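Participant: This is the structure I have questions about; it appears just below.
The values are calculated or read from the model by the stated rules, or taken from the named source; none is laboratory data. Worth saying up front: this structure is predicted, and the values here are computed from it rather than measured. Cβ: placed from backbone, ideal geometry, glycine included. Neighbour counts: every protein chain shown. Surface areas here come from the heavy atoms of the whole protein model, side chains and all, with no ligands, DNA or RNA. Shrake-Rupley method; radii C 1.70, N 1.55, O 1.52, S 1.80 Å.
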Amino acid sequence: MSTLLEHKEAIREVIDLFSNLEIDVLEQAKLVTSDVHVEVYDSDGSVMVEFDGRDKLVEVFQQAISEIKTAYHLNGQQVITVDGDSAVDVHYGKAILVQEVDGKDVVVDRSYRYTDTLVLTDGAWLIKRRIQHLVLSETRPL
């Protein structure tokens, strides 16, 4: 039987691996449930995108990364609450992306707050719900 600390470490690994995979959407998809629900909000609170399902995640994320030349993700502080076979992870992250705009490379620097609900499935923690809030976004020349 796993301890609370072992569960929290396993959850931290899933969250960090999802970020470390950066733009490898097919590998990221292995870290979510087949019925995953995702909501992404702009800094003004408006819904940018909302969808259900692993297949839709692959479709939406592949479209989103199609113009990204380089990506760097960094996770910050994290609070994990485990309740049996489910858990909630709240963490902050940065996505620093290089894209081409009008023939020139630019850096898109985004700060996010994530609230993930995870479930223990066949001994592995998977993301079942991701709520992502854009806190700040800045675009500048590379």
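Participant: Pairs, please: C-beta under 8 Å, at least 6 apart or cross-chain, first residue over 24 Å from HIS37 (Cβ atoms) and in the stretch 58-81, second open to solvent by less than 40 Å² (accessible area, probe 1.4 Å) and in a helix (DSSP H, G or I)?
Facilitator: Every condition considered, the pairs that remain are LEU74/SER19.
Participant: Considering (1) open to solvent by 80 Å² or more (accessible area, probe 1.4 Å); (2) within 26 Å of VAL107 (Cα to Cα); (3) not basic (Lys, Arg), say which one PHE18 fails and leave the rest.
Facilitator: (1)
Participant: Ok, one more. Return yes when ASP24 is open to solvent by 60 Å² or more (accessible area, probe 1.4 Å) and closer than 14 Å to ILE131 by Cβ and no when it is not.
Facilitator: Details: open to solvent by 60 Å² or more (accessible area, probe 1.4 Å): yes; closer than 14 Å to ILE131 by Cβ: no.
No, not satisfied.
Participant: What number goes with the only condition from (1) modelled with pLDDT under 95; (2) open to solvent by less than 90 Å² (accessible area, probe 1.4 Å) that LYS69 does not pass?
Facilitator: Of (1) modelled with pLDDT under 95; (2) open to solvent by less than 90 Å² (accessible area, probe 1.4 Å), only one is false for LYS69: (2).
Participant: Of all residues in the stretch 115-133, which are open to solvent by 20 Å² or more (accessible area, probe 1.4 Å) and in a strand (DSSP E or B)?
Facilitator: Those that are open to solvent by 20 Å² or more (accessible area, probe 1.4 Å) and in a strand (DSSP E or B): THR115, THR117, VAL119, LEU120, THR121, ALA124, LEU126, LYS128, ARG129, ILE131, GLN132, HIS133.
Participant: Residues of the stretch 27-39 being in contact (Cβ under 8 Å) with a residue 12 or more places away in the chain and either loosely packed, with under 15 Cβ neighbours inside 10 Å or touching a helix residue (DSSP H, G or I) at 6+ places or on another chain (Cβ under 9 Å) (or both), which ones?
Facilitator: Within the stretch 27-39, GLN28, ALA29, LEU31, VAL32, THR33, SER34, ASP35, VAL36, VAL38 qualify.
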